[in-house]
Amino acid sequence: MLSKFFKKDKGATPVAEGEGAEMGFLDHLDVLRKHLFKAAFAMVAVSIIVFLSKDFVFNDIIFAPKNADFPTYKFFCNLSEVTCFHPPDFKIMTIVMGEQFFVHIKVSIWLGFTFAFPYIFYQFWSFIKPGLYQGERKAARGLVLACSSLFVLGVLFGYYVISPFAITWLAGYSVGLDAVNSPSLDSYVNYLTMFTLPAGIMFELPVLIYFVAKIGLVSADFLSKYRRHAIIVILIVAAIITPPDVVTQLLIGTPVLILYEVGILVAKRVNPTPKESQTS
């Protein structure tokens, strides 16, 4: 089934003996179990390291976007007074007994997955790789690096771009003098997670387009024709996975639209039109 993703060359042969040998269903399950165990072990190991680094993780990573000395605020303030911004001072509260402990665990798991993602995806790739032909392997070369890089880039974009703007806007929004913004620790962490992890996932759009173009489900002309529809869908998805404010939706929707355009270029490379094939 995986051969659908890649164009077969005539005379293609399976991978080296021992790697591509036929396996039974239970054998596949055993191999999958081993790769899942390695991925889970890596995530748990990183999560434990994060858990033990409590002061650094919370003071220098989690709470950093709410402080005026965050790199993003410094950058815009160094540009000019017009572009300078930073969130108002606000205190984070814990209301429920044990909230700090459970949030600590949640943050450890979240960062454990984020930091271990390249290795987790590598294990996924290692599971499907033996079932590919040599030509298919060559076509998918660099897949792990591309997916990992896009995910990390998306998370960093969410952390350094979306989070500062969203936190500043949400923390500064007020409906009256009697309403004071003092978010709970759990609420703050949940919002910060929504600013980062979804961005990392949505940055995988060019890779998704690559595969569906390989299958033949879409083409560059199709993506260009339905560009307006894609814009609406992207904005709707951004509205669902982000807090209910227009600023955050635009901050995550705009780069995804750019990635959509990159995906069109990727689709052109995968399935060039007859004119493009003749000129290349």
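Return yes or no: is V237 among the hydrophobic types (A, V, I, L, M, F, W, C), out of contact with any strand residue (DSSP E or B) (no Cβ under 8 Å at 6 or more places or on another chain) and modelled with pLDDT of 80 or more? Considered against the rule, which asks whether it is among the hydrophobic types (A, V, I, L, M, F, W, C), out of contact with any strand residue (DSSP E or B) (no Cβ under 8 Å at 6 or more places or on another chain) and modelled with pLDDT of 80 or more, V237 comes out as no. Scoring Q100 on the criteria (1) under 30 Å from K38 (Cα atoms); (2) not in a helix (DSSP H, G or I) leaves a single failure, condition (2).
Matching residues to (1) under 24 Å from L197 (Cα atoms); (2) of a type in the set (A, V, I, L, M, F, W, C); (3) in contact with a strand residue (DSSP E or B) (Cβ under 8 Å, 6 or more places away or on another chain); (4) in contact (Cβ under 8 Å) with a residue 24 or more places away in the chain:
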position: D30; (1), (2), (3), (4): no, no, no, no
position: K54; (1), (2), (3), (4): yes, no, no, yes
position: D60; (1), (2), (3), (4): yes, no, no, no
position: D69; (1), (2), (3), (4): yes, no, no, no
position: F75; (1), (2), (3), (4): yes, yes, no, no
position: L79; (1), (2), (3), (4): no, yes, no, no
position: T83; (1), (2), (3), (4): no, no, no, no
position: M93; (1), (2), (3), (4): yes, yes, yes, yes
position: F115; (1), (2), (3), (4): yes, yes, no, yes
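Here V107 fits the description: aliphatic (A, V, I, L, M) and crowded, with 20+ Cβ neighbours inside 10 Å.
Where helices (runs of 4 or more DSSP H) fall entirely within segment 122-176, those with at least 3 residues that are in the same structural domain as P65 (by TED's automatic domain parsing) and surrounded by fewer than 16 Cβ atoms within 10 Å (Cβ to Cβ) are at 134-139, 143-157.
The values are calculated or read from the model by the stated rules, or taken from the named source; none is laboratory data. The structure presented is a predicted model; accordingly, all values stated were derived computationally and were not measured. Every residue, glycine as well, gets a Cβ built from its backbone with ideal geometry; the counts of neighbours run over all protein chains shown.
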